[in-house]
Amino acid sequence: ADTHHHADQAEAVTPPADLVRSQLAAGLDLLFVSDHDSTVNHRAVQQLADRRAVPFIPSMELSASWGHFNAYPLRPGQPLQIDTDTASVDQLFAEARRQGALVVQANHPYNPYGYFSSLARAEVPGGFNPQFELIEINATEPENDDQVLHAAWALWNERHRYYLGAGTDTHDVWMDESGRVRLFAHLAGKPGAVAYAEAVSAGHAYVSFGPLLYPSVMFGSELKLRSGEHFNLGFDLESVSGLKQARLISRGEVVSTRSFTDELHTAHWDIPQTASVAGWYELIVEDRL
């Protein structure tokens, strides 16, 4: 799914029918809409989703001046009961949960009105509230990707479990491409809004601009091992444009790297590891685009 996508509210200009056409044309498995502070398009997208037998995730971008957050899945069509311009972070997150959200995603956290930028300037009413699940990789701001990754690593080193989200922040499907970054989730059962939200909040997911990843140990899993015990992390990797390099990150440092030839589009990588102190792992795969 593309978990940050606008229809035709506020400054966005995409009617619901064209949002659905664009997301389906991109090959997305679930439809998603997150208009600024509005749920008015939930009903229209749900009707279109039902006609196409495609699951729909109703969302909304809670848009305070000090941070934007996608909350999902929401109970469709509920109006806001707060003023996002004056709300504190506690009130904002409470409203998301009141509307049924299992996931709160911190959108574009390092742009001028992003949550992390505002926290650094002490401009968030109420200060840091840890009650969110995902930190977004935003396709419109690739210059911030490295900063987002390092922020996530720092939080993990402090034993805070935050996973990555992904969205294009598309407002106009005639100018931008839906799904050019997407959040892949491994669902235990039938695809749907709740199943998807539960999977991504548990970390059973990854962000991609293209490469496909199949881990032997599911992302988000916790391994309990004795110190000195050997274990293996294995990955099947695919890329239409060709694989370039893969890096395994642990505690914020590169612990293993593999480079690929120009012709290689699929590969399996086994990475033997030895358990020591408690830690975490992340895989970064680059393709030739």
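Carbon-plus-sulfur accessible fraction, the chain (probe radius 1.4 Å, protein heavy atoms only): 51%. Computed from the Cα positions only, the extents of segment 175-289 along the three principal axes stand at 52, 40, 23 Å, in decreasing order. When the Gaussian network model of the chain links Cα atoms closer than 10 Å, the mean-square fluctuations of Gln99, Gln23, Gln147 top out at Gln147.
Here the Karplus relation 6.51 cos²θ - 1.76 cosθ + 1.60, evaluated at θ = phi - 60°, turns the backbone of segment 233-250 into coupling constants of 10, x, 9, 9, 10, 9, 7, 4, 7, x, 6, 10, 7, 10, 10, 9, 9, 9 Hz, with x for every Gly and Pro.
Considering every pair of different Cα atoms, what Kirkwood radius, in Å, is found for segment 20-96? Walk me through the numbers before you get to the answer.
Numbers: mean 1/r = 0.0762 Å⁻¹.
Value: 13.1 Å, from the Cα pair sum.
Taking label positions 7 Å along the Cα-Cβ direction at both Val40 and Ser221, the computed distance is 4.7 nm, reported to one decimal. Pairs of C-alpha atoms in segment 43-162 farther apart than 20 Å represent 46 percent of all such pairs. For Tyr110, Tyr206, Tyr214, Tyr115, the ranking by accessible surface with the largest value first comes to Tyr214, Tyr110, Tyr206, Tyr115, using a 1.4 Å probe. A simple rule links phi to the HN-Hα coupling: the Karplus curve 6.51 cos²θ - 1.76 cosθ + 1.60 with θ = phi - 60°, which for segment 262-277 gives 4, 8, 7, 10, 9, 7, 10, 10, 9, 10, x, 9, 10, 5, 9, 6 Hz, with x for Gly and Pro. For Val103, the residues 5 or more places off, or on other chains, whose built amide H falls under 5 Å of its own are Tyr72.
Using C-alpha pairs below 8 Å separated by at least 6 residues, the relative contact order for segment 1-138 is 18 percent.
A 1.4 Å probe over all protein chains sorts Met60, Met218, Met175 by accessible area into Met175, Met218, Met60, starting with the largest.
Each Cα pair under 8 Å and six or more residues apart adds its sequence gap; the mean of these over the residue count of segment 20-77 is a relative contact order of 34 percent. For the chain, the Kirkwood radius over C-alpha pairs fed into Stokes-Einstein at 37 °C and 0.692 mPa s yields D = 166 µm² per second. Based on protein heavy atoms only, the chain ends up with 47 Å² per residue of surface accessible to a 1.4 Å probe.
Near Glu61, the amide H atoms lying under 5 Å from its own belong to Asp35, His36, Asp37, Ser38; only residues 5 or more places off or on other chains count, and H is placed 1.01 Å from N.
A simple rule links phi to the HN-Hα coupling: the Karplus curve 6.51 cos²θ - 1.76 cosθ + 1.60 with θ = phi - 60°, which for segment 183-197 gives 9, 8, 10, 9, 9, 6, x, 5, x, x, 4, 5, 4, 5, 4 Hz, with x for Gly and Pro. The accessible-area ordering, largest first, of the residues Leu225, Leu289 stands as Leu289, Leu225, per a 1.4 angstrom probe.
Under the combined filter of DSSP loop state and at most 11 neighbouring Cβ atoms within 10 Å, segment 184-289 retains these GluC sites (Glu not before Pro): Glu222, Glu263. If you plug the beta carbon distance of His160 and Thr257 into 1/(1 + (r/R0)^6) with R0 = 25 Å, you get a FRET efficiency near 0.40.
When nucleic acids and ligands are ignored and a 1.4 Å probe is applied, His108 ends up with an accessible area of around 10 Å². Annotation: amide H-H contacts under 5 Å for Phe32 (H modelled 1.01 Å from N, sequence separation of 5 or more, or interchain): Ile57.
The values are calculated or read from the model by the stated rules, or taken from the named source; none is laboratory data. All values derive from a computational prediction rather than experimental measurement. Because the Cβ atoms are built from the backbone with ideal geometry, glycine has one as well, and the counts that use them run over all protein chains shown. Accessible surface areas use protein heavy atoms only, side chains included; no ligands, DNA or RNA. Shrake-Rupley method; radii C 1.70, N 1.55, O 1.52, S 1.80 Å.
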